Amino acid sequence: METVNQQEQRHALINQRETTWYPEPARLALLSELHAIATDPARHRTRSIAIVSESNGGKSALIARYLYLHPPVYGKEAVIIPAIRLTMTDFPRVSDLSVALLTAIGAPGAESGTHAARMGRFVELARKVKLGLIFLDEFHDCAGTDGRGRPFLRCIKALILQGLCVVPVGTEDLAAILSLDSQLNTRFNFSRGRLTRLRDAGVVKALVMEITKLDDHEVTHAAVKYLLAESKGIMGHLLDFMEGTLLAHGNLKLESLRQYRPYMDVLDRVV
């Protein structure tokens, strides 16, 4: 049985893992680009970015970081909401989306009225609160290519045509989904929003130091090289590997990493 101190250390490590943001250059650049899009003057043709990565690649962490950097501002006379995030797996029907949109910006009576009326009210209120970005996380799951997604695509297109900035977030399947609508297919930049795997051992070492709070000389090149090779540079897998090893062994030495590696069977399926 764990002692109170051991449990506190375990919880501290898990909390640190869940809240850690590492300023990897490409992700920093993407955050800046998203903010630029959100604050640009109104365009005749709204433009946005689609955030794409493989599973556990850091999409949700990036959204969380943006929301942290740009929180709502509640003034005496006005409310400003720079961004909202919806997880699309929560909505089996497109009518659920309009309720969630209104709820996300704090609208009273979010469930009242028809879906069309709710969408119209959301657009009106979104302008009042100067809503910058609408992150639609796990969009690939909700708007699949089996036909069920077409009502969602029409809903998203309606928001875009009203000048709101939608940021779909998901796997590479996003491209196929958005291509179902020729207008939507040209609205999003995929290249800028693609979260690639980490390749630089120096970047990984800095991340290890951030998580462990170890000094440069305490993090060996061999351990970093092994961690990078086994995780294939996928951000979430890399963090999970570190967390598991630290919880099991208390350090990130090469021997400890190798001992914990069999428990990371998810890595065996990464190509």
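Data for the structure
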| item | result |
| --- | --- |
| Odd one out for residue 238 among (1) free of Cβ contacts under 8 Å to residues at least 12 places away in the same chain; (2) closer than 21 Å to residue 12 by Cβ | (1) |
| Criterion (polar (S, T, N, Q), in contact with a helix residue (DSSP H, G or I) (Cβ under 8 Å, 6 or more places away or on another chain) and modelled with pLDDT under 85) met by exactly one of 185, 189 | 185 |
| Qualifying position, being of a type in the set (Lys, Arg) and farther than 21 Å from residue 23 by Cβ, among 205, 225, 213 | 225 |
| Single residue of 167, 271 found to be outside any helix (DSSP H, G or I) and surrounded by fewer than 14 Cβ atoms within 10 Å (Cβ to Cβ) | 271 |
| Residue 203 vs. criteria in the same structural domain as residue 155 (by TED's automatic domain parsing) and touching a residue at least 60 places away in the same chain (Cβ under 8 Å) | no |
| Selection status of residue 107, assigned to a loop (DSSP other than H, G, I, E, B) and either surrounded by 13 or more Cβ atoms within 10 Å (Cβ to Cβ) or touching a residue at least 24 places away in the same chain (Cβ under 8 Å) (or both) | yes |
| Scan of the stretch 193-220 for residues that are part of a loop (DSSP other than H, G, I, E, B) and closer than 22 Å to residue 88 by Cα, ordered by number | 193, 195 |
| Matching residues in the stretch 221-235 - criterion: being outside any helix (DSSP H, G or I) and either basic (Lys, Arg) or touching a Phe, Trp or Tyr at 6+ places or on another chain (Cβ under 7 Å) (or both) | 232 |
| Neighbours by Cβ (under 8 Å, 6+ apart or cross-chain): first from the stretch 42-60, part of a helix (DSSP H, G or I); second β-branched (Val, Ile, Thr) | 59/51; 59/52; 59/169; 60/169 |
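The values are calculated or read from the model by the stated rules, or taken from the named source; none is laboratory data. Values in this document were obtained by computation on a predicted structure and should not be read as measured data. No Cβ is skipped: glycine too gets one built from the backbone with ideal geometry, and neighbour counts run over all protein chains shown.
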